[in-house]
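Working notes, structure below.
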Amino acid sequence: MPEGGRSSPFRSSRREFSSRARRTPSTASPPPRRPAPATSPPPRRATPAASPPGPHDGARVACPGDGGTRRSLRTLDTATDDRRRHDRHRDRDPQRRSPPLRGAPRRGAGWLPGVPPRGRRPRRAAPHRSRPRLQGQGAGFGARERGARRPRAPRRRRDPDVSVPRALPARARRARARRRLAEPRGCRRLRRSCRTGMTRLDVAPPASEGPVECDGPRALVVEAREVPLGGVRAMEVHRTLPHRALPMVGAWCFLDRFGPQETLMRVESHPHIGLQTVTWPIVGEVRHRDAVGSDVVVRPGALNLMTSGAGIAHSEYSVGDEPIPLDALQLWVALPDSRRHGAPAFERHEDLPVLDLGGSADAVVVMGSLGAVESPATVHTPIVGAEVRLPAGVDVRVPLRGEWEYAVYGMIGAAEVMTGMDATDADAARPAVAPGLSVSVDHTRLVYLGKGRDHLEMRSDDGARVFLLGGEPFEADIVMWWNFVGRSHEEIVEAREAWEAGAPRFGAVVDHGPERVPAPPLPAVRLTPRRRRV
């Protein structure tokens, strides 16, 4: 066999011996047998008895020392090669396995000296495991043997009762989030307990908690914050209520101040539910149009009162097509359950009663009652809203009710409110208010007085106008989002969907085009009532 061939010396010898066997008659003496190698051959199996020649069998030869005759070496070698060729695909595709060839020796027959029995060759040991050595730069700390396995951290044993949720597509996750938002609060905890294979019998939907009432006098300072109006900061708007520490004062749940500024006000049609809007202009004129047919111009000194009931839409435009000086208060009053599902309404009052406080000081009673004076505006809860006018250098005493809670907001100028105690700041991130028995209020600050007072003393050195808010603590906590005031998350979701769908629930604003303010998207969490922290 030339160099570089693949056949082993034993195979070439068998082929030469087979060619001689074909030219030699079967009666001739067999050729001399090759000497056995130094190593002893593996044990041979018992030789089966000779069988009559088949169609694929060749001439028979006598092999000395075998105890009998065997088939031709060429025939056996060809069968062995065929078997090996078929076995090459045995592990790759079992379906391609051919039936055993007739006359081929069985696996591991080992009929030739020095040839190991056929079968799967022993797996050679990996070279990197035969010579262990340290790898890395140097054999310092942390060196390990090359090829050795890295130390594996102990695997955490998982509880077989706990099922691990598989990842969901984004659309399925959004659908699951919408379903969970529509469920009561306790359902998510119940779902978690069922997922772990436990049954929580002690988990129930949380009971509705009543409002947190103030138990005495307070001196809490709330700073106004700037907010956008209609999504664009085209107007300067400062909001004082609601605050996370003080969501309501009586039934008053919202207080905005837009101005003082020179601007063009364009608030397109937008909805309201569960509240009364109180517009109190200071400077400028505002045109009001709503879905009940109202189209009026509100001027300073006149009250614009709209009751939304179950739903209403309205728009607010400043008069004219050019920017004008504008300054006004926008307040909301939460409606009780007895009225918030009723029909919408609108009323306008220009001649409001005035309470004389002495010393040329007085109070215009806008909403509710103050002392012995009562406003003609329709109210559905015991409240008061009044503009108190303070002359310069005069101490003013305002009568109050001990069972009501009150707050004072500065409109024009600065005034000193006698609280009788050190004031605290409602926002912990702000510096503490200077200690003293009085608090200064202006158009950026409100002071909450609590309850348990029968009068209030105020003073201004240069003259000022303040707005007094008060009333009986409201009957329940409210859920307020965008322009909606309700009692639950589902109620807010229903109102938003109705507005987006153009449902007749809110009506159409009279003498107004198709322009409307779209509802913003709901937050990714469930809306919950805001409860007082003071």
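The stretch 479-500 and the stretch 412-478 have Cα centres lying 31 Å from one another.
Averaged per residue, the stretch 437-489 has 35 square angstrom of accessible surface, using a 1.4 angstrom probe with ligands and nucleic acids left out. Remark: accessible surface ordering of Tyr409, Tyr317 (largest first) is Tyr317, Tyr409, probe radius 1.4 Å. Overall form of the stretch 356-412: prolate. Here a/c, set by the Cα gyration tensor axes a ≥ b ≥ c, is 1.5 or more, and a/b is the larger of a/b and b/c. Taking Cβ atoms as reference points and 10 Å as the exclusive limit, the residues near Met418 contribute a net charge of -1, counting Lys and Arg as +1 and Asp and Glu as -1. Under 5 Å between amide hydrogens, built in the peptide plane, is the criterion, and for Gln261 it picks out Leu326 among residues at least 5 positions away or on other chains.
Computed 3J(HN,Hα) for the stretch 497-511, one whole-Hz value per residue from the Karplus formula 6.51 cos²θ - 1.76 cosθ + 1.60 where θ = phi - 60°, is 4, 5, 5, 5, 7, x, 5, x, 4, 9, x, 10, 5, 5, 6, glycine and proline marked x. Under 5 Å between amide hydrogens, built in the peptide plane, is the criterion, and for Gly436 it picks out Asp422, Ala423 among residues at least 5 positions away or on other chains. Taking the accessible area of the stretch 256-300, probe 1.4 Å, and keeping the other protein chains in place, the carbon and sulfur fraction comes to 48%. Each other residue within a Cβ distance under 9 Å of Val510 adds +1 if Lys or Arg and -1 if Asp or Glu, for a net charge of -2. Apolar share of the accessible surface for the stretch 324-437: 55 percent from carbon plus sulfur atoms, 1.4 Å probe. Sequence-distant contacts, meaning Cα pairs under 8 Å at least 6 residues apart, place the relative contact order of the stretch 338-414 at 24 percent. The local environment of Trp499, defined by Cβ-Cβ distances under 12 Å, has a net charge of 0 under the rule Lys, Arg +1 and Asp, Glu -1.
The values are calculated or read from the model by the stated rules, or taken from the named source; none is laboratory data. These numbers were taken from a predicted model, which means no experiment stands behind them. Here Cβ is always computed from backbone atoms with ideal geometry, including for glycine, and neighbour counts include all displayed protein chains. Note: areas computed on protein heavy atoms with side chains; ligands, DNA, RNA excluded. Shrake-Rupley method; radii C 1.70, N 1.55, O 1.52, S 1.80 Å.
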